[in-house]
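Right, one structure below, let's go through it.
Nothing in this text is a laboratory measurement; each read-out follows from the coordinates by a stated rule. It should be emphasised that the depicted structure is a prediction, and the values quoted were computed from it without experimental measurement. When we count neighbours, we look across all protein chains shown, and the Cβ atoms used for this are built from the backbone with ideal geometry, even at glycine.
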Amino acid sequence: MWRTAGCSDVLPCHLCDLPNVGPGVRDAQQCCHRGCTTCGKTAAYCEADPFGPQNCCVANISAQAPSCLDSVAPCNIDPSTFTAQDPSPVRRATTVGVHVYDDGNMLQNITNRESAYGVKIDSILLFQPVLSLKWSYPKKYLDAGRKVDLVVEFVTSTPKYSPLLNITDGDFDPILTGFGTSAAKDGRDINLRLLHELNGDWYAWGALKANNSAAMFKAAFVHVVTVLRATGASNLKIQISYAAKNAQNSPIPLKEFYPGDEWCDQVTAFANKSICLAEMSSTPLCNGKVAWISDAWTKMASTYTQVTAIDWFFENVPSQNKTWDLMSQDEVDAWTTGLKDVRGTTELVLP
């Protein structure tokens, strides 16, 4: 990473614009506003950025912005002021959750892991079909003193031409209303992840599935949140979850699927929100799983500093040869050491 005088209010200067070369290089000439998601891209992209070309496009910044020696971004850089600096952790409130196979004893399984690993796990990642959605399910874990991240899966045996129409037509409204009413009465917070991996085509609600679209997805997401909020359940913290990449290698930008900041509290991609890593793990199929785990923890502490919630997915899928759980002592050691290091370097220091 490279920093320069006057860049303290810029996303670390790896987001500085870079004529002709990659981010963070010594001869970068401009720094974009911290909110830009397309800093340094071609005009077709940076001009469409929500923060506008004056904040995100090199030509505009070069012509209009002051020097970074005198102003925060957007600004123009004197390359002679660059100094090399390793990425450093950012202190912030961060939670780490885990999903393990639910054989009816998930609470005990998590407790056993904590004892074996010598760590405390902050939250439990749960999945529940919408047709079975009841507050009693997360309540059981809340009563045990756990934080909860609940993924609701919108599956029905009677899908319409587009399964998203089942949502916008109100088929699930009575269930959602009952759940929200019970949640509001209880008052304890949970993270509620709706229509997850939205840019896929493998789930019925995926925006890229046949007969669905980005616009239909956004309408469905807004509908669900509207119904839940109408119950007064402000303790339901809404998450919106992207897959790592679009299905079918679709070129549609991720922001085209996004319903807007007002409809969620946390995202798993871009936006002016804290970021949740919704389901993460690695398999040993390509070797290097231990190194990957260690590197992932390091990057979350020092590079991806908007990440404030991390859910590790520790359920194996033998039929697909997916071994996501920690299966060796080396993997366990990498995971627990990384977790302890991240907590030690990122936890907020209170006055």
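Data overview
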item: Proximal aspartates and glutamates to residue 139, defined as alpha-carbon separation beneath 12 angstrom and excluding residues fewer than eight positions away on the same chain; result: 149, 186, 189
item: Whichever aspartates and glutamates have a C-alpha closer than 19 Å to that of residue 299, once near sequence neighbours (fewer than 8 apart) are set aside; result: 86, 279, 311, 331, 333, 341, 347
item: Amide hydrogen neighbours beyond the local backbone of residue 75, cut-off 5 Å, H modeled; result: 31
item: Around residue 222: net Lys/Arg minus Asp/Glu count, Cβ-Cβ under 11 Å; result: +1
item: Reachable aspartates and glutamates from residue 209, criterion Cα separation under 13 angstrom, eight or more residues apart if same chain; result: 197, 201
item: Given 185/237; 134/185; 120/289, the pairs whose alpha carbons are separated by over 18 Å; result: 120/289
